[in-house]
Each structure stands twice: as structure tokens, then as C-alpha cells.
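Here the structure is laid out as C-alpha cells; the discussion comes afterwards.
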Amino acid sequence: MHNITGTEDEAWFYLISVMVEGQGARSIPLMVDAIEAACKQDYEHVIEALHELRRIIEHLGHLLERMYERCAPGVFYHEIRPVLAGSKNMAAAGLPRGVYFDFGSGNGEWMQLRGGSNAQSSLIQFFDAVLGVVHKSSGETTSEDAKREPPFHEEMRQYMPGPHRRFLERISETANLQDLSMRKTSHPHQDSLRKAYQAAVQALSDFRGVHMQIVARYIIVPSRQASMPGRMNLAVASQADRGGSKSLTGTGGTDLIPFLKQTRQETDDAKVHHS
């Protein structure tokens, strides 16, 4: 694990990440109870739970924006981002086959592994699962690669602790809030439920919007500035020319900007789903 005591900027980056996970954890029992309440068509319980989920996600967005307080873009781009970079889709950075892992005794293999990604957050994927948000993009940079790869968010579950992965699978199977919220019925609370659900989804979309703003400030802007002498590294080199055009690759190996935009659009799409 990277030593977070190197600079205050680095420590702040990791602290914000921990704060988001810690503050968001209280949504888990809240929404598990809401799923059970939805099975009983307890509208008032579900509505209040969705309102509280919206407030939690909005709070997490405000926490994420605090990244600007003590983490400088240059420090993130040149000091932190390289540590988060993986070895998948890093041909432009000089790793066409990934990284060779030597197991000893003459045994080893080339491996292409994803680097750090927000999609590896069990909490963020929990929000998606509870609200019925479906992500289809593989995050690949070419259409041929996209055909061979599973959806990126599904793949990222393989990087999670086993109990987290199994919990998310169970939640995905049982989540019923979207279907109940979008049901066409004359129930007196149906309209309030739909609005509460859509507001929670909008909060998640806005949270992803905050993330995109951070990406713009901490990755896109620094990438357009002149490279610092002697500061070339894996994450910086990954933005090299690809077939004559510049393309930014996320530390998780995705085609950064198109992938983030699609992820937010897929979140917005959940608001208009109909059973």
C-alpha cells in the first residue's frame, strides 16, 4: 500500500475517499430495510428511506468536493495517479502485454490488471444496485475490445472482497424499489414514491457529475499542460497518441471521458424505466 504520509495532499486524497465510504455506510441497513418494506408495499417506509438516501448521497457529493481544499491537481496527477494506474489497456505506456509476474522457479505469466477505479467501491455499486441502475459499457477503447469484455462495473466486482461481491449480487437480485416506484397504479402514495425515487437517482447522477468535475480539474487540465522534466510515469504516458489522436485513459484502463459520460447517462436512464 502506498505510504500516505508523503505529503499532506496525498493524505487528504485518501482521507476524503475514506470519509465518503464511512459516511455512506449508514445507507446500507437503511436500504436493505427499504427493500423488505417494498415487498410489503409499505409505501411510507420506502418513501422516507429514499428521501434519506438522497440526503446521504448529496452529503457524499459535498464531501467529495472538499478534495479541492488540500489536494493540489499537480500533486494528484504526478504523485498519486501513477500509484493507482493498472496494467490493462496500457500499451501506449509501454505495457502491450501488461506486467510479467514472476512466481519463482522459472514460472510466471503476463497479466493485465485494472488499476484503481471508483467502480471498485462497493458503496457506489450498492447505490446502483438498490436503485436499479444498469451499466453496460465495458470501458474499452475500441469496439472490438468492447465485444470481448464484460460490463466494466460487473468486472470490477472481481476486485472486491468476496463478501462484498456476494452481497452486491444478492442486492441486485432482490432490489425492487425501481419497479415499485415506476408501477402504474392508483395507489395514493404512488406519485410521491416515484418522485422520491427519481430524486434519489438524480442525487446519484449529480454525485457522478461532481466526480467528472474533479476529473476535469485533476486529470484533464494537468494533462494539457507541458510535461514536467523527468516526471514521465505510467499514468502520464497512458495518454499518448493512439492512431493519431489523443485519448485519456483512466487508472482503471477505461477510455476516461466517454466512459464517465456514459456512466452518468445510464444513471439518468433509470429515472424513466417502466416495468
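Read-outs: derived from the displayed coordinates by stated rules, not from any lab. All values reported here derive from a predicted model rather than from experimental measurement. Cβ sites come from the backbone with ideal geometry, for glycine too, and all protein chains shown count toward neighbours.
Being without any contact (Cβ under 8 Å) to a residue 24 or more places away in the chain and either among the charged types (D, E, K, R) or in contact with a Gly (Cβ under 6 Å, 6 or more places away or on another chain) (or both) is the filter here; which residues of region 23-40 pass it? 33, 36, 40 - these are the residues of region 23-40 that are without any contact (Cβ under 8 Å) to a residue 24 or more places away in the chain and either among the charged types (D, E, K, R) or in contact with a Gly (Cβ under 6 Å, 6 or more places away or on another chain) (or both). Of note, residue 50 does not satisfy the criterion of being surrounded by 18 or more Cβ atoms within 10 Å (Cβ to Cβ), under 18 Å from the mean Cα position of the chain (by Cα), in contact (Cβ under 8 Å) with a residue 60 or more places away in the chain and closer than 19 Å to residue 202 by Cα. Region 160-228 holds helices (runs of 4 or more DSSP H) entirely within its bounds, and those carrying 2 or more residues that are in contact with a Ser or Thr (Cβ under 9 Å, 6 or more places away or on another chain) and closer than 25 Å to residue 114 by Cβ map to 162-174, 190-215. When restricted to residues that are β-branched (Val, Ile, Thr) and crowded, with 17+ Cβ neighbours inside 10 Å, region 15-31 contains 2. Within region 76-122, if we keep just the residues that are touching a Pro at 6+ places or on another chain (Cβ under 9 Å) and aromatic (Phe, Trp, Tyr), the residue that is surrounded by the most Cβ atoms within 10 Å (Cβ to Cβ) turns out to be 77. In summary, helices (runs of 4 or more DSSP H) completely within region 6-93 and bearing 2 or more residues that are within 30 Å of residue 112 (Cα to Cα) occur at 8-24, 81-84.
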